[in-house]
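**Student:** My questions all concern the structure below.
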Amino acid sequence: MPEPAASRNLEDVLERLRADRESVPWTERRELAASLAGLLASDPKPEAAMAFLYLLAEDPKPEVRKEIADLLVLVPQDDLTRLAAQLSDDTSSFVQRAVARALDRRRRGMKETQRRRQGFEHVESQYASIERIHGALAAERARKIADEQFDCLVGATVHDIRGILNPLKTGLSSLLDHVKADTLDEKALRDSLTRMNERLAYLERFVDDMRDYSQATPAERRRERIADLVNEAKSVVLDNLKTRGFDLEVVSLAVEAPESVTAEVARHQIVSAVAHVLKNAFESFAGKPSGPKEIAIHARLVSDDRVEIVVTDNGTGIAADDLVDIRQFRPGTSTKKNQGGTGFGLPTAYRYAVAHGGGLAIESEEDKGTVVTITLPIEQEETDG
């Protein structure tokens with residue numbers, strides 16, 4: 001089979017550079033280094049691409065060496081050791097910082113791969129445990145139920161994502177048609193780009209909420225002041241709403257959380273749970289054009305071993321038929337009024353609370369408001385793992 005033209009071209013350029021590095025301008029060498037990413041992402045990796053890595057790692061221009069440093073996330077482990085050692089000692093701090101960033105990205109990628117692998121292994125061990133205790137038939141039935149639930153979740157998620165992407169696709173097609181016909185005016189361009197930017201922002205929130213829902217609860221818990229968790233959740237939500245252009249001045253927010261109330265929790269997840277509930281409270285005023293708009297957060301001890309975080313709003317409330325569905329805490333479920341919600345907020349908050357040995361309850365009346373109560377144990381029970 002004839003050698004591909006791209007490979008022959010790479011070989012030709014490689015020979016030119018070996019003979020005379022200045023035969024190719026440094027800006028083109030930098031572009032060449034950046035273009036290697038596509039080749040290095042494939043397996044097996046082309047020999048010419050690997051040869052360029054080593055050649056350009058010694059380029060006299062730091063801008064070129066920096067591009068090679070960026071590619072360290074893609075190189076095989078054996079080559080990584082040699083190239084990282086060489087570039088980490090580079091005379092340019094510009095290159096050294098690029099190496100540090102690339103190695104950090106590589107470590108994060110490896111951790112994520114390991115986390116996914118451990119997740120699958122944990123699930124398989126659970127099935128094995130069911131089989132040992134209840135028999136093969138029970139384990140197989142559990143697997144089928146899990147598969148059916150997974151299919152439902154993926155199907156609903158794909159449907160929702162398509163609902164976000166289709167308007168984007170339509171908007172882009174319309175813009176391209178106007179460009180081809182030379183009929184695009186500034187106002188139409190601005191309006192179209194604004195709508196597409198809003199859809200992309202919603203897609204980002206959707207993906208972030210899916211990621212939060214999928215996070216396992218860490219086994220390690222620390223004693224935290226509930227007031228600190230509530231105030232951090234408040235800051236997260238207010239910052240998020242500001243970036244979305246939400247008018248925060250029209251909503252009154254009162255927080256009552258004694259400094260003495262503490263609980264053993266995985267901090268990030270309880271902050272996230274409270275933030276999801278609080279964000280929903282703010283968004284409940286979207287269909288309420290007049291009247292006072294009030295939210296209150298109360299944290300309190302309810303017994304010697306339990307604490308409650310109660311978020312109350314006087315927003316539009318939830319219809320009774322919607323409330324029945326929402327109390328199932330299935331991801332992707334949102335109310336008819338809250339069309340901008342992703343449907344992952346309350347299920348995520350519920351999941352995190354339950355994983356801590358607590359719970360989440362929701363009461364609501366249409367046109368009157370909603371009360372969401374997160375309950376947490378003060379002490380975490382010891383488990384066998």
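The values are calculated or read from the model by the stated rules, or taken from the named source; none is laboratory data. In this text the structure is predicted, and so the values were computed from the model without any measurement. Note that each Cβ is placed from the backbone with ideal geometry, even for glycine, and that neighbours are counted across all protein chains shown.
**Student:** Looking at Ala156, Ala227, which one is surrounded by 14 or more Cβ atoms within 10 Å (Cβ to Cβ), touching a residue at least 60 places away in the same chain (Cβ under 8 Å), in a helix (DSSP H, G or I) and assigned by TED's automatic domain parsing to the domain that holds Phe344?
**Tutor:** On inspection, the qualifying residue turns out to be Ala227.
**Student:** If you don't mind, there's one more thing I want to ask. If you take the residues of the range 337-354 that are outside any helix (DSSP H, G or I) and either touching a helix residue (DSSP H, G or I) at 6+ places or on another chain (Cβ under 7 Å) or in the same structural domain as Val207 (by TED's automatic domain parsing) (or both), which of them is modelled with the highest pLDDT?
**Tutor:** Residue satisfying both the conditions and the ranking: Phe344.
**Student:** Same structure again: For the range 87-115, which positions are polar (S, T, N, Q), closer than 20 Å to Lys66 by Cβ and either assigned to a helix (DSSP H, G or I) or in contact (Cβ under 8 Å) with a residue 40 or more places away in the chain (or both)?
**Tutor:** Scanning the range 87-115 gives Ser88, Ser93, Gln96.
**Student:** Suppose the filter is surrounded by fewer than 17 Cβ atoms within 10 Å (Cβ to Cβ) and either within 21 Å of the chain's Cα centre (by Cα) or closer than 17 Å to Asn231 by Cβ (or both); does Ala296 pass it?
**Tutor:** Spelling it out, Ala296 is indeed surrounded by fewer than 17 Cβ atoms within 10 Å (Cβ to Cβ) and either within 21 Å of the chain's Cα centre (by Cα) or closer than 17 Å to Asn231 by Cβ (or both).
**Student:** Kindly indicate whether any position in the range 183-206 is under 30 Å from Glu256 (Cα atoms), among the charged types (D, E, K, R) and not assigned by TED's automatic domain parsing to the domain that holds Phe282.
**Tutor:** yes
**Student:** I need the full set of residues from the range 5-34 which are surrounded by 12 or more Cβ atoms within 10 Å (Cβ to Cβ), at pLDDT 85 or above and among the β-branched types (Val, Ile, Thr), in order please.
**Tutor:** Val24
**Student:** With the checklist (1) touching a residue at least 12 places away in the same chain (Cβ under 8 Å); (2) over 30 Å from Gln114 (Cα atoms); (3) surrounded by 13 or more Cβ atoms within 10 Å (Cβ to Cβ) in hand, flag the one item Ala139 doesn't pass.
**Tutor:** The number of the failed condition is (2).
**Student:** Tell me, which residue of the range 175-221 that is assigned to a loop (DSSP other than H, G, I, E, B) and touching a residue at least 60 places away in the same chain (Cβ under 8 Å) is nearest to the chain's Cα centre (by Cα)?
**Tutor:** Only one residue tops the list, namely Ala216.
**Student:** Taking the residues in the range 183-194 that are surrounded by 13 or more Cβ atoms within 10 Å (Cβ to Cβ) and not small (Gly, Ala, Ser) as candidates, determine which candidate is nearest to Gln380 (Cα to Cα).
**Tutor:** Looking only at the range 183-194, we keep the residues that are surrounded by 13 or more Cβ atoms within 10 Å (Cβ to Cβ), and these are 184, 188-189, 192.
Within this subset, residues satisfying the condition of being not small (Gly, Ala, Ser) are 184, 189.
Numbers: Leu184: 61, Leu189: 55 Å.
Only one residue fits best here, namely Leu189.
**Student:** Condition check: part of a helix (DSSP H, G or I), in the same structural domain as Gly357 (by TED's automatic domain parsing) and among the acidic types (Asp, Glu). Does Glu259 satisfy that? Spell out how you get there, then give the answer.
**Tutor:** Values: part of a helix (DSSP H, G or I): no; in the same structural domain as Gly357 (by TED's automatic domain parsing): yes; among the acidic types (Asp, Glu): yes.
Considered against the rule, which asks whether it is part of a helix (DSSP H, G or I), in the same structural domain as Gly357 (by TED's automatic domain parsing) and among the acidic types (Asp, Glu), Glu259 comes out as no.
**Student:** Please go through (1) modelled with pLDDT under 85; (2) out of contact with any Gly (no Cβ under 8 Å at 6 or more places or on another chain) for Asn166 and return the number of the only condition it doesn't satisfy.
**Tutor:** Of everything listed in (1) modelled with pLDDT under 85; (2) out of contact with any Gly (no Cβ under 8 Å at 6 or more places or on another chain), Asn166 misses just condition (1).
**Student:** Please verify whether Val73 is touching a Gly at 6+ places or on another chain (Cβ under 8 Å) and aliphatic (A, V, I, L, M), treating the condition exactly as stated.
**Tutor:** For Val73, the condition - touching a Gly at 6+ places or on another chain (Cβ under 8 Å) and aliphatic (A, V, I, L, M) - is met.
**Student:** While we're on this one: Of the residues Ser272, Ser303, Ser290, only one is among the polar types (S, T, N, Q) and either in a strand (DSSP E or B) or in contact (Cβ under 8 Å) with a residue 40 or more places away in the chain (or both); which?
**Tutor:** Within the list Ser272, Ser303, Ser290, the selection yields Ser272.
**Student:** Quick check, is Glu308 touching a Ser or Thr at 6+ places or on another chain (Cβ under 7 Å) and assigned by TED's automatic domain parsing to the domain that holds Glu366?
**Tutor:** yes
**Student:** I would also like to ask the following. Under the condition of being at pLDDT 85 or above and of a type in the set (S, T, N, Q), which residue from the range 212-239 is farthest from Ala299 (Cα to Cα)?
**Tutor:** Among them, the one singled out is Ser235.
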